[in-house]
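The values are calculated or read from the model by the stated rules, or taken from the named source; none is laboratory data. Fair warning: this is a prediction, and the values are worked out from it, not measured in the lab. Glycine also receives a Cβ, built like all others from the backbone with ideal geometry; neighbour counts cover every protein chain displayed. Keep in mind that these areas ignore ligands, DNA and RNA; they rest on the heavy atoms of the full protein, side chains included. Shrake-Rupley method; radii C 1.70, N 1.55, O 1.52, S 1.80 Å.
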Amino acid sequence: MSEQTLIAVKHLSRYYGGLCAVNNISFEVKRGQILGFLGANGAGKSTTMQMLAGALAPTTGEITIAGYDLLDHPLQAKSAVGYLPEQPPLYKDMLVEEYLTFCARLHHIPRKEIDEAVDRAIELCGLESVYQRLIGNLSKGFQQRVGIAQAIIHSPAVVILDEPTVGLDPIQMREIRHLITELGQEHSVILSTHILPEVQAVCNQVQIIHQGQLLFSDTIEGLFAQIKGQSLQIGLHRPPTLSTFKHIMGVEEVEQIDDNHVRIWHQPETNPAEDIVIKSVAGNWGLFELIPEQQSLEQIFVNLTTEEELEEAA
Ligand code: ATP
């Protein structure tokens with residue numbers, strides 16, 4: 001897979017009057033990456049995406065799409081982007097096929113290539129059963145697929161999807177996530193969400209934005225590696241007193257879960273598992289379970305965003 005950088009963002013900021021919605025963020029997205037852009041309500045996701053799509057001017061900073069500076073070469077840069085805004089731009093009184101043909105014309109797809117482009121988008125987005133129906137009569141999930149189809153009609157290198165699964169039922173959500181994974185094979189995708197498991201299910205890169213600032217940017221594995229193995233759940237038939245665990249090297253805190261289970265917290269670099277097994281055998285504690293626990297993405301998100309707030313308050 002080529003390591004070509006398709007989106008390069010440098011020192012990007014956007015103010016709305018005195019409010020700083022996006023504060024000096026820089027990042028890159030390479031070909032083949034599916035980047036999850038995570039943040040709570042009002043974090044600055046939509047503002048960033050609108051700027052990437054060329055729909056909103058930055059206050060300061062640079063955006064380069066597929067090698068073209070968005071401000072200096074807007075036509076070339078924008079033609080490399082497909083964008084699904086938070087509110088999909090659908091004409092509800094048009095048929096699906098008619099609307100996609102219209103979108104193909106807007107993107108200046110040559111007349112003789114339009115049918116092929118529309119057919120391709122219909123197939124990729126699973127719209128075969130509804131392409132002759134009125135958009136307004138489709139379910140929310142199918143309307144969202146039409147929104148994605150208009151974003152990819154011109155085969156852009158980069159696809160930007162702003163909260164693509166919001167308001168969908170769990171089945172529709174799963175189908176759209178599957179579609180996004182397929183899109184990621186041909187396009188680079190940025191999707192914004194505040195649904196944490198969505199990032200886990202679909203993305204290979206993750207960025208966390210909080211109050212306009214980028215707090216985290218890495219692979220999804222990098223995110224989990226950061227916090228892996230900080231606690232162990234231990235099952236014992238004959239547990240010793242809690243203070244016994246505190247004397248084992250690396251143990252930072254002990255929590256009683258129930259009569260036969262304790263949770264032990266430790267630093268990632270000092271895992272006390274081996275010592276616990278040795279001491280358990282020597283002390284006849286009846287060890288029957290030792291499970292390294294992984295924090296959920298939700299926990300990591302809360303930790304990262306509250307750490308930031310604590311630092312600010314200090
Ligand atoms: P959500 O998940 O709720 O969509 P978001 O992460 O997409 O949130 P943005 O919509 O980018 O966040 O908003 C970032 C901040 O900028 C918020 O405080 C919001 O109120 C403010 N904001 C967004 N658009 C405008 C606007 N047109 N005028 C003034 N303030 C705005």
Task: For segment 171-236: span of alpha carbons on each principal axis (Å, largest first) - done: 48, 32, 20
TODO: Just name one of His261, Thr306, His107: the one whose Cα is farthest towards the positive end of the charge dipole of the chain (beta-carbon charges, Lys/Arg +1, Asp/Glu -1).
DONE: His107
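In debye, nearest 20: dipole of segment 56-138 around its Cα centre with unit charges on the Cβ of K, R (+) and D, E (-)?
160 debye
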Open item on the list: Give me the percent relative contact order of the chain, please, defined on Cα pairs under 8 angstrom at least 6 residues apart.
Closed with: 18 percent
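Given contacts defined as C-alpha pairs under 8 Å and at least six residues apart, what's the relative contact order of segment 1-160, whole-number percent? Don't skip to the end; give the middle numbers.
Numbers: 256 pairs, mean separation 36.6, N = 160.
In percent, rounded to a whole number, it is 23.
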- [ ] Could you work out how far apart the two model spin labels at Ile171 and Asn271 are, taking each label as a point 7 Å from the Cα in the direction of the beta carbon, and quote it in nm?
- [x] 4.2 nm
Task: Convex hull volume per residue for segment 194-282, taking Cα atoms only, in Å³ - done: 145 Å³
TODO: List the pair-distance distribution P(r) of the chain, using every Cα-Cα distance, as the percent of pairs falling in each 20 Å bin from 0 up to the bin containing the longest distance, rounded to whole percents.
DONE: 29, 45, 21, 5, 0
Open item on the list: Run the helix sum for the chain: -39,500 (n - 2.57) per DSSP H stretch of 4+ residues, divided by residue count, reported at 222 nm to the nearest 500 deg cm²/dmol.
Closed with: -11000 deg cm²/dmol
Open item on the list: Quick check: at a probe of 1.4 Å, how many percent of the accessible area of segment 1-77 sits on carbon and sulfur atoms?
Closed with: 51 percent
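Take the Cα atoms of segment 59-207, build their convex hull, and give its volume per residue in Å³.
124 Å³
Over the Cα atoms of segment 133-275, compute the convex hull volume and normalise it per residue, giving Å³. Write down the numbers at each step before the final one.
Working: hull volume 25.8 nm³, N = 143.
Taking the convex hull of the Cα positions in segment 133-275, it is 181 Å³ per residue.
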Task: Rel. contact order, % - alpha carbon contacts under 8 angstrom, at least six apart, segment 185-271 - done: 21 percent
Open item on the list: Just to compare against my own numbers: the Cα pair-distance distribution for segment 3-45, 10 Å bins, whole % per bin, please.
Closed with: 24, 46, 25, 5
Open item on the list: Distances longer than 21 Å among the Cα atoms of segment 1-112: what percent of all pairs is that?
Closed with: 45 percent
Open item on the list: What is the percent carbon and sulfur in the accessible area of segment 223-269, measuring with a 1.4 Å probe over the protein chains and ignoring ligands?
Closed with: 49 percent
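What whole-number value in Å² describes the accessible area per residue of the chain for a 1.4 Å probe?
Per-residue value: 50 Å².
Please report, as a whole percent, how much of the solvent-accessible surface of segment 140-205 comes from carbon and sulfur atoms (probe radius 1.4 Å).
The C+S portion of the solvent-accessible surface of segment 140-205 is 53 percent.
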Open item on the list: If you fit an axis through the alpha-carbon atoms of helix 297-313 and take the longest principal axis of the Cα set of the chain, what angle between them do you get, 0 to 90°, nearest 10?
Closed with: 90 degrees
Open item on the list: How would segment 114-153 be classified by its alpha-carbon gyration tensor: rounded, prolate or oblate, with rounded meaning a/c under 1.5 and the a/b versus b/c comparison settling the rest?
Closed with: prolate
